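To start, the structure under review is shown below, and the notes come after it.
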Amino acid sequence: MKENLFVVVHYDEIALKGKNRFFFEKKLKNNISFALKGHFKKLEHKHDKMYLELNNQEDSFLIGEKLKNIPGIAYFAFARACPLELFHIKQKTLEIMEERNFSTFRVSARRSNKKFPHSSQEINEEIGALIVSKMQKKVKLKGADEEIFIEIGSNKAFIYPRKTQGVGGLPVGSSGKVLSSLSGGIDSPVASFMAMKRGLKVVFVHIFNKSINEVQTISKVENLTKKLSEFQGGAKLYIVPFEEIQKVIIATIPSEVRMIIYRRFMFRILNNIALREKAKGFVTGDSLGQVASQTLENLNCIHKIANFPVLSPLIGMNKNEIIEIARKIGTFEESILPYGDCCSFMVARHPETKGKIEKIERFEELIENVESLIDDCVEKAEIRWY
């Protein structure tokens, strides 16, 4: 009969939430349960961490891949359990260490259950002495080949030789719902991930021009949405046609300010969808000064039209920092594939970089039936679930 395998899940930021902590812990527990449905027998929450008893060890790789993508988890570990007695802890630790190849080691015990009669230091010393005696290995407190971790829980001890880092942050859904303006580039997927890491549930909106966006562009956005859905247990994507609005803007607005007005109309679309989704904010991939539309003056003109807060998690990052995160979360390779960007369509070679809101609003007064144009776009949107 195979030994039961457990997962010990640690969080850090949630533990600082004071009286609201239970709310965040419940969200994280629900998110883990949803992601691992069918893969565990029991999920317990005790002593500032969570313990999962798995159905079988063969699922461990899949479970690990899912846990790595759940915001709120600082780190997790696959562990073996034993009765809460020092004799059993020593034997189980020795059994695990005998399976491993090392010359130097350290023991790191953590006694969450303060009723256990031995301190963390006493556990370290007892087990360290046993491994030295039985295996002729050397203790090394810094830079050891192997580190064995022991968690003293309420009714079991959990022992593991490896930790896996998680996303950290807050559990998705604990901070509310937002819309993400998702392009096919590098920045907006990273911004969406950063929003999820702060506990936001993200609904994606891709605004496109059929005349310049090929089938592969929609496929690309779908693939990015699928990848990002792994961090929040599913995703909803609005694919909104922008061609008719763009035609009106090109026929009416000077090329040097078209980019600003394109983006203001996109925010009008987001305003409309936010009411339908009961979303409370917007997420963009803006990084200050990266392109002409992302100067402080232009961002002010663009964001003035938004009915809800505009969150820009990348605002102080440079491109290399953003690319590093994109590689880490698995969106970079998809993001660098060619695609048609409707924002750059028919825009001046040297666009306005210091837009003034009064001037922009005067230009927009030349466009008729604005609300009708927005409503028509949103009504024609395709909605896809992942």
Exercise. So is E25 surrounded by fewer than 19 Cβ atoms within 10 Å (Cβ to Cβ), acidic (D, E) and without any contact (Cβ under 8 Å) to a residue 60 or more places away in the chain or not?
Worked result: no
For this session: Go over the candidates G173, G143, G185, G168 one by one and state the one that is outside any helix (DSSP H, G or I) and out of contact with any strand residue (DSSP E or B) (no Cβ under 9 Å at 6 or more places or on another chain).
Result: G185
Problem set entry | Every residue from the stretch 34-91 that is without any contact (Cβ under 8 Å) to a residue 12 or more places away in the chain and farther than 30 Å from V132 by Cβ | K37, K42, E44, E58, F61, E65
For this session: Would you check if there is a residue in the stretch 138-152 being over 30 Å from N20 (Cβ atoms), touching a Lys or Arg at 6+ places or on another chain (Cβ under 6 Å), assigned by TED's automatic domain parsing to the domain that holds Q91 and crowded, with 20+ Cβ neighbours inside 10 Å?
Result: no
Exercise. Are there any pairs with C-beta distances below 8 angstrom linking a residue in the stretch 350-367 that is assigned to a loop (DSSP other than H, G, I, E, B) to a residue that is basic (K, R), with the two at least 6 apart or on different chains, and if so which?
Worked result: P351/R258
Problem set entry | Conditions (1) over 29 Å from the mean Cα position of the chain (by Cα); (2) more than 30 Å from K328 (Cα to Cα); (3) not assigned by TED's automatic domain parsing to the domain that holds K236; number of the one not met by K210 | (3)
Exercise. Within the stretch 285-301, can one find any residue that is closer than 30 Å to I32 by Cα and either outside the structural domain of K354 (by TED's automatic domain parsing) or touching a strand residue (DSSP E or B) at 6+ places or on another chain (Cβ under 9 Å) (or both)?
Worked result: yes
Exercise. If you take just the helices (runs of 4 or more DSSP H) that sit entirely in the stretch 194-305, which of them hold at least 1 residues that are of a type outside the set (A, V, I, L, M, F, W, C), surrounded by fewer than 20 Cβ atoms within 10 Å (Cβ to Cβ) and at pLDDT below 95?
Worked result: 215-229, 243-252
Problem set entry | The lone exception for A326 - which of (1) among the small types (G, A, S); (2) outside any helix (DSSP H, G or I); (3) closer than 15 Å to D187 by Cβ it fails | (2)
For this session: Would you be able to say whether some residue in the stretch 72-93 is in a helix (DSSP H, G or I) and under 30 Å from L16 (Cα atoms)?
Result: no
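The values are calculated or read from the model by the stated rules, or taken from the named source; none is laboratory data. Remember, predicted model here, so these are calculated numbers, not experimental data. Neighbour counts run over all protein chains shown; Cβ positions are idealised from the backbone, glycine included.
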